[in-house]
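Only one structure is covered here, and it is reproduced in the block below.
The values are calculated or read from the model by the stated rules, or taken from the named source; none is laboratory data. Remember, it's a predicted structure, so these values are computed and weren't measured experimentally. We place every Cβ from the backbone using ideal geometry, glycine too, and count neighbours over all the protein chains shown. Surface accessibility is based on the protein's heavy atoms, side chains included, excluding ligands, DNA and RNA. Shrake-Rupley method; radii C 1.70, N 1.55, O 1.52, S 1.80 Å.
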Amino acid sequence: MTLSYSTDIVIFGGGLAGLWLHKRLRLAGYHVILIETAQLGGGQTLASQGIIHGGLKYALGGNLTKAATTIANMPARWHRCLAGDDAMDLRRVKVLSEHYFMWSAPSLRSKIKTFLGSKSLQGRIVAVSREQRPAFFDPATGKGQLYQLPDFVIDSTSLITELVRDQEHSLFHTTADRINFIQAADQSIQGVAIRLADSSLMINCQKCIFSAGEGNADLMNRTGIEAIAMQRRPLHMVMLKHPALPPLYVHCISHDLSLTPILTITTHYDANGQTVWYLGGELAESGVGKTMDQQIAAARQQLLLFFPWLELDKANWSSFHIDRAEARMINRQRPDDAVFIEQNNAVVVFPTKFTLIPSLADKLLDQLRNSTLTKTELQAVCGLRQHLPLPPTGRTRWEHWPDQDRSCSNL
């Protein structure tokens, strides 16, 4: 027996991009359902550092690159959402830090690079005097320079919670092996077939949006979509716990010529409320081939280089690998902007960066308004819940740290 349902749009992937698009399109009057095959936010979203940044790290060479220009206005856009002054009302989302900082290593080259970066974004970067520095920097010898950025940090878990709020009735879970696509001769997608234990579901739709991160590769293979290819940017992230760690949100700029901060630090809290520092930046990119102990040793070395007064002897450490899925670029360069490509009635999206998702939604909504897609009068999916459950919500790595195979290393 085949059960038939209809909707305007089906979104695959319940990370931040999928959930944002799902809610934004529904607010615009489209009938939309979202299908997640694992956990909501359980991939790249909850492994992110939650930084809403304005492109400083793309301008550290002294020039406003395309990436820096594209992203420069995004903090203001997010602030409007957080204030409730945008279609996406995020007033319930928790902000972990209203400010982000940049700290230079005690070297002339690093100071020059940091200065050039700040001048190229003049008016948005503020040098912090010694008297105004957070107390954590008091032991510094004065050889480094601290800048305050327009960036800020949000709690990813609370963001996922807010995007799910009041949208549960159109979020569904199934496994990837149960999904098939019904396609016409021109490969346009007419519907999604989902195999059940004793029957099957047919969900007719006008458009499919693939926002499943790494999962897009499998979906594109199944549908024959060829307009866009994917690349993975592997990262090796580090976490450390220590009872004496203060809240810290800072990019650390080294003496080399890389345009990526050597360390990007955000502060979070585990299930017991203990402080966790989460370390990304160039450390995460260059540490992909290292073992856990090697990566932790590198992280410890860098922390003590920038903050030699830290006491880390009793810190607990852990690390994990995560791949960032992006649209494939020439020479595997990092994309400058969010990317979406449409082929027939399928759209593949890669937000590229956490910060750019509102822009991605704006552009996609504009394209839909100019397309042949029509808003239906009746949403005939109200019976889906009896067949497909609500997807579970993922947890951050620091929340379920004790569940990892190697929970910590004491160095």
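Numbers for the structure displayed
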{"item": "Heavy atoms of Glu282: accessible area, 1.4 Å probe, square angstrom to 10", "result": "50 Å²"}
{"item": "Span from the region 1-37 Cα centroid across to the region 322-374 one, whole angstrom", "result": "16 Å"}
{"item": "Heavy-atom accessible area ranking, 1.4 Å probe, most first, across Met239, Met1", "result": "Met1, Met239"}
{"item": "For Leu96, residues with placed amide H under 5 Å, excluding near neighbours", "result": "Val153, Ile154, Asp155"}
{"item": "Nearest-10 value in Å² for the accessible area of Tyr147, using the 1.4 Å probe", "result": "20 Å²"}
{"item": "Accessible area in the full protein assembly, largest first, 1.4 Å probe, for Arg233, Arg195, Arg178, Arg369", "result": "Arg369, Arg195, Arg178, Arg233"}
{"item": "Ranking by accessible area, most exposed first, for His400, His321, His251 with a 1.4 Å probe", "result": "His321, His400, His251"}
{"item": "Of Pro243, Gln187, Leu163, farthest towards positive along the dipole that unit charges on Lys, Arg, Asp, Glu beta carbons give region 124-253", "result": "Pro243"}
{"item": "5 angstrom amide H check on Val339, placed H, neighbours 5+ away", "result": "Phe350, Thr352"}
{"item": "Hz values of 3J(HN,Hα) by residue in region 339-355 - Karplus curve (6.51, -1.76, 1.60), Gly and Pro given as x", "result": "10, 9, 10, 10, 10, 6, 10, 10, 10, 10, 10, 10, x, 6, 9, 3, 4"}
{"item": "Phe354 - accessible surface, heavy atoms, 1.4 Å probe, Å² rounded to 10", "result": "30 Å²"}
{"item": "Long-range amide H partners of Ala229 with built H, under 5 Å", "result": "Arg328"}
{"item": "Cα-Cα over 25 Å, subset of Lys207/Lys363; Lys23/Lys241; Lys353/Lys375; Lys143/Lys314", "result": "Lys23/Lys241; Lys353/Lys375; Lys143/Lys314"}
